[in-house]
1. Go through the stretch 185-214 residue by residue and tally those that are more than 17 Å from residue 19 (Cα to Cα), in a loop (DSSP other than H, G, I, E, B) and modelled with pLDDT of 95 or more.
2. Starting from the stretch 178-195, take each residue that is more than 17 Å from residue 24 (Cβ to Cβ) and list its partners that are in a loop (DSSP other than H, G, I, E, B) and away from the ligand (no atom under 11 Å from the Cβ), counting only C-beta distances under 6 angstrom and pairs at least six apart or across chains.
3. Restrict the check to the stretch 165-175 and report whether at least one residue is crowded, with 16+ Cβ neighbours inside 10 Å and near the ligand (Cβ under 9 Å from one of its atoms).
4. Of all residues in the stretch 141-151 being within 11 Å of the ligand (Cβ to nearest atom) and touching a residue at least 24 places away in the same chain (Cβ under 8 Å), which is surrounded by the most Cβ atoms within 10 Å (Cβ to Cβ)?
5. Which one is farthest from residue 98 (Cα to Cα), of the residues in the stretch 152-164 that are more than 9 Å from the ligand (Cβ to nearest atom) and in contact (Cβ under 8 Å) with a residue 24 or more places away in the chain?
6. Among the residues of the stretch 16-36, what is the count of those that are farther than 20 Å from residue 160 by Cβ and out of contact with any helix residue (DSSP H, G or I) (no Cβ under 8 Å at 6 or more places or on another chain)?
7. So, of the residues in the stretch 1-15 that are in contact with a helix residue (DSSP H, G or I) (Cβ under 7 Å, 6 or more places away or on another chain) and farther than 16 Å from residue 185 by Cβ, which turns out to be nearest to the ligand (Cβ to nearest atom)?
8. One residue is enough: does the stretch 152-165 have a residue meeting the conditions in a loop (DSSP other than H, G, I, E, B) and within 21 Å of residue 212 (Cα to Cα)?
Ligand SMILES: O=C(O)c1ccccc1NCC(=O)[C@H](O)[C@H](O)COP(=O)(O)O
């Protein structure tokens, strides 16, 4: 299973989290976020990492040119579109960045949002389901209704996000079977400052669950 730790701002923390077992790191490219990092800061983290780590830039309602420029300048391997981007916009990003993973994020409020997410499966590589918050786009610490998600089975891989922590991850994965998980505030001391003890706890719980599941 893919494990993405989002909101990385510091090279040493990125390196430590990658060696703990994360398969992907996320970088917030949304200027209003307290976790915002620019292309040079992202590059400074990526240069410390092994090549097998996916490095995902999180954007919200940016232009194709802004996304392309940031990817080119930073060395990102994927982009996560966390705003109101249309399927047509995703196609345009694909044309501009043909070798980059495109993840479309949805902030789930009702069952209708699952139908909407399903219409993106041919325009992106991966979906991500996050919790809805009226004021914040992401990194909110709010959980989704996992029970509601049991029927969600799109024709492309997907990440479960929203309020996941070392303490609730096993319960979440007992109810939902995503292709990957995404955590941010649940493994943080403060926005953008990751708690390496909580990260270690997360991977210990994931290993424990894998052993139990056989
Ligand atoms: O994290 C942010 O500050 C952020 C700001 C604007 C758009 C997206 C943002 N984060 C996106 C993520 O992928 C987070 O990991 C996701 O929302 C889960 O966060 P959390 O509930 O804190 O685990």
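The values are calculated or read from the model by the stated rules, or taken from the named source; none is laboratory data. Fair warning: this is a prediction, and the values are worked out from it, not measured in the lab. Don't worry about glycine lacking a Cβ; one is built from the backbone with ideal geometry, like all the others, and counts go over all protein chains shown.
1. Residues meeting the conditions: 2.
2. From the stretch 178-195, the pairs are 189/195.
3. So the first thing to find is which residues in the stretch 165-175 are crowded, with 16+ Cβ neighbours inside 10 Å, and the list is 165-166, 169, 172-173.
Filter again for near the ligand (Cβ under 9 Å from one of its atoms), leaving 165.
The answer is yes; a qualifying residue exists.
4. Keep residues of the stretch 141-151 that are within 11 Å of the ligand (Cβ to nearest atom), which gives 141-144.
Now narrow it down to the ones that are touching a residue at least 24 places away in the same chain (Cβ under 8 Å): 141, 143-144.
Values: 141: 16, 143: 16, 144: 21.
The extreme case among them is 144.
5. Filtering the stretch 152-164 down to residues more than 9 Å from the ligand (Cβ to nearest atom) leaves 152-158, 160.
Remaining after also requiring in contact (Cβ under 8 Å) with a residue 24 or more places away in the chain: 152, 154-158, 160.
Details: 152: 28, 154: 22, 155: 20, 156: 18, 157: 18, 158: 20, 160: 25 Å.
Here the answer is 152.
6. The qualifying residues number 8.
7. 14
8. Looking for residues that are in a loop (DSSP other than H, G, I, E, B) and within 21 Å of residue 212 (Cα to Cα), one finds at least one in the stretch 152-165, hence yes.
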